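Visitor: My questions will all concern the structure given below.
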Amino acid sequence: MSTDILDKAFAEKKVDFLPLKGTDHVEFYVGNAKQSAHYYKTAFGFNEVAYCGPETGVKDRASYVLQQDKVRLVLTTALKSDHPISDHVRKHGDGVKILALWVDDAKYAYEETLKRGAKSYQEPITKEDDFGSVTTSGIHTYGETIHLFVERNNYSGPFMPGFVQRENTFKVEGTGLKYIDHCVGNTDWGRMNEVVKWYEDVLGFTNILSFDDKQIHTEYSALMSKVMSNGNGYVKFPINEPAEGKKKSQIEEYIDFYEGEGVQHVAIATDDIIDTVTKLRARGVEFLPTPASYYTDLLDRVGPIDEDITPLQELGILVDRDEEGYLLQIFTRPVEDRPTLFYEIIQRKGAQSFGAGNFKALFESIEREQELRGNL
Ligand code: FE2
């Protein structure tokens, strides 16, 4: 195809100009990566697969790469105060810095997104070792969050050149976490549509679902949300914004404590949510409580489901249905002392939506916690 035809097809969204193969990894900047890694290993069942730090010739930071099935997390800490990673942690606390996207061509992804208005974070860099080569490039998104494009060229090493292979020094059993289903961004007042447009213009995403404050509200507070998806649906980024209510929106609480926009939650998929949540609870992962009243008329609301209600109620798992099927989901409490990042565990049984039917029950639960923190 000539460039003209391609440009026209892109404009009409007939060709996905930026095919994504999925989420490559999520990198966190944290105050103490060694201890964070221990938490994700013991509580969530991740295995350490790679490492870089002073012992491997990296003098200013340490990074631990953890993996469970297709979920790959990187925990990074700076070794001195005079470092951008330390600045990030001082301002935001522990949080997500990088949402890395797996692409076929990181140079093309960089040039194409810059042409469409992206701000550069890192020019394409190719690194090589005995296992092959990896090219990365990066652009800024909301807040201080980055999208890194990762091109893996049949790389066979444990993570990337510069990292050495590592194994857990103790055995952990996995908890059935399979892949990252979606990552949600919290944006500031009046910013959601701007960010949505950015994902449309710069990354070629489409808005597949929208919720306004009439749909997402409780007696006290409200928020708005738009779900952005790439062409093949492998990468989904819901974008939230606070809305006015009688009391403070949970999104505003996040923005206050993260001191800016950032990643609110990472949703990880499982094939057996009852088993996964049983294991996570046994290892000390804290989930938001669900009131008993939620389960009394559950089947009237969602229709027949394969699971027994009893274990769902014991574990606090929520259920929602859309035209295509149903889903089961549960949310952790924030995993740091600042009420910022938390996790969602999700099992999809046909449903491709995000649990809109649970928003009210979920937000009431969040608000009870917000009230305990004195932030409602
Ligand atoms: Fe979610």
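The values are calculated or read from the model by the stated rules, or taken from the named source; none is laboratory data. Just so you know, these numbers come straight off a predicted model, no measurement behind them. Cβ atoms come from the backbone with ideal geometry, glycine included; neighbour counts cover every protein chain shown.
Visitor: Has segment 292-306 got at least one residue that is assigned to a loop (DSSP other than H, G, I, E, B), at pLDDT 95 or above, within 28 Å of Glu241 (Cβ to Cβ) and not acidic (Asp, Glu)?
Guide: There is no residue in segment 292-306 that is assigned to a loop (DSSP other than H, G, I, E, B), at pLDDT 95 or above, within 28 Å of Glu241 (Cβ to Cβ) and not acidic (Asp, Glu).
Visitor: With the condition kept exactly as written, say whether any residue in segment 358-365 is assigned by TED's automatic domain parsing to the domain that holds Ser229, over 23 Å from Glu219 (Cα atoms) and basic (Lys, Arg).
Guide: Scanning segment 358-365 turns up no residue that is assigned by TED's automatic domain parsing to the domain that holds Ser229, over 23 Å from Glu219 (Cα atoms) and basic (Lys, Arg).
Visitor: Which is part of a helix (DSSP H, G or I), at pLDDT 90 or above and within 16 Å of the ligand (Cβ to nearest atom), of Ile251, Ile268, Ile255, Ile274? Let's see the steps before the verdict.
Guide: Values: Ile268 fails: part of a helix (DSSP H, G or I); Ile255 fails: within 16 Å of the ligand (Cβ to nearest atom); Ile274 fails: within 16 Å of the ligand (Cβ to nearest atom).
On inspection, the qualifying residue turns out to be Ile251.
Visitor: Kindly indicate which of Gly162, Gly157, Gly233 is among the small types (Gly, Ala, Ser), out of contact with any Leu (no Cβ under 9 Å at 6 or more places or on another chain), in a loop (DSSP other than H, G, I, E, B) and within 16 Å of the ligand (Cβ to nearest atom).
Guide: Values: Gly162 fails: within 16 Å of the ligand (Cβ to nearest atom); Gly157 fails: within 16 Å of the ligand (Cβ to nearest atom).
Among Gly162, Gly157, Gly233, only Gly233 is among the small types (Gly, Ala, Ser), out of contact with any Leu (no Cβ under 9 Å at 6 or more places or on another chain), in a loop (DSSP other than H, G, I, E, B) and within 16 Å of the ligand (Cβ to nearest atom).
Visitor: Now, a different point. In segment 201-227, what residues are closer than 30 Å to Val89 by Cβ and touching a Lys or Arg at 6+ places or on another chain (Cβ under 7 Å)? Steps first, please.
Guide: Taking segment 201-227 and keeping what is closer than 30 Å to Val89 by Cβ, we get 202-203, 205, 221, 223-227.
Hits for segment 201-227 are Val202, Ser221, Val227.
Visitor: Next question. Can you say whether Asp104 is modelled with pLDDT of 95 or more and either of a type in the set (Gly, Ala, Ser) or out of contact with any Gly (no Cβ under 9 Å at 6 or more places or on another chain) (or both), as far as the supplied structure shows? Explain how you work it out, then say what you get.
Guide: On the way: modelled with pLDDT of 95 or more: yes; either of a type in the set (Gly, Ala, Ser) or out of contact with any Gly (no Cβ under 9 Å at 6 or more places or on another chain) (or both): yes.
Criteria met by Asp104.
Visitor: Go through (1) at pLDDT 95 or above; (2) out of contact with any Leu (no Cβ under 9 Å at 6 or more places or on another chain); (3) basic (Lys, Arg) and name the single condition Lys13 misses.
Guide: Against the list (1) at pLDDT 95 or above; (2) out of contact with any Leu (no Cβ under 9 Å at 6 or more places or on another chain); (3) basic (Lys, Arg), Lys13 comes up short only on (1).
Visitor: Let me ask you something else. Starting from residues that are among the aliphatic types (A, V, I, L, M) and away from the ligand (no atom under 15 Å from the Cβ), keep the ones in segment 171-192 and report whichever is surrounded by the most Cβ atoms within 10 Å (Cβ to Cβ). Steps first, please.
Guide: Residues of segment 171-192 that are among the aliphatic types (A, V, I, L, M), as a first pass: 172, 177, 180, 184, 192.
Then keep just the ones that are away from the ligand (no atom under 15 Å from the Cβ); that gives 172, 192.
Numbers: Val172: 17, Met192: 24.
Residue satisfying both the conditions and the ranking: Met192.
Visitor: What number of residues in segment 101-120 are under 22 Å from the mean Cα position of the chain (by Cα) and surrounded by fewer than 17 Cβ atoms within 10 Å (Cβ to Cβ)? Reasoning before the result, please.
Guide: First, pick out the residues of segment 101-120 that are under 22 Å from the mean Cα position of the chain (by Cα): 101-104, 106, 109-110, 113, 118-120.
Add one more test, that the residue is surrounded by fewer than 17 Cβ atoms within 10 Å (Cβ to Cβ), and what stays is 104, 119-120.
Here the count works out to 3.
Visitor: Can you tell me which residue in segment 137-165 is surrounded by the fewest Cβ atoms within 10 Å (Cβ to Cβ), limited to those that are under 18 Å from Lys70 (Cβ atoms) and among the charged types (D, E, K, R)?
Guide: Arg152
Visitor: I've got another one for you. In segment 297-309, is there at least one residue being away from the ligand (no atom under 16 Å from the Cβ), surrounded by 15 or more Cβ atoms within 10 Å (Cβ to Cβ), within 25 Å of Asp213 (Cα to Cα) and assigned by TED's automatic domain parsing to the domain that holds Gly262? Before you say what the answer is, go through the steps one by one.
Guide: Of the residues in segment 297-309, the ones away from the ligand (no atom under 16 Å from the Cβ) are 297-309.
So of that shortlist, the ones also surrounded by 15 or more Cβ atoms within 10 Å (Cβ to Cβ) come out as 298, 302, 305, 307.
Narrowing the set further to residues that are within 25 Å of Asp213 (Cα to Cα) leaves 298, 302.
Retained after the next criterion (residues that are assigned by TED's automatic domain parsing to the domain that holds Gly262): 298, 302.
Yes - at least one qualifying residue is present in segment 297-309.
Visitor: Would you please list the contacts, defined by Cβ atoms under 9 Å and residues six or more apart or on different chains, that run from a residue in segment 290-304 that is farther than 21 Å from Phe331 by Cβ to a residue that is part of a loop (DSSP other than H, G, I, E, B)?
Guide: Sorted first by the residue in segment 290-304, then by its partner, the pairs are Leu299/Ile305.
Visitor: Within segment 313-367, considering only strands (runs of 3 or more DSSP E) that don't extend past its boundaries, which have at least 3 residues that are within 11 Å of the ligand (Cβ to nearest atom)?
Guide: Values: elements: 318-322, 325-331, 342-349.
Where strands (runs of 3 or more DSSP E) fall fully within segment 313-367 and carry at least 3 residues being within 11 Å of the ligand (Cβ to nearest atom), they are 325-331, 342-349.
Visitor: Can you tell me which residue in segment 310-323 is surrounded by the fewest Cβ atoms within 10 Å (Cβ to Cβ), limited to those that are modelled with pLDDT of 95 or more and more than 22 Å from His265 (Cα to Cα)?
Guide: Thr310
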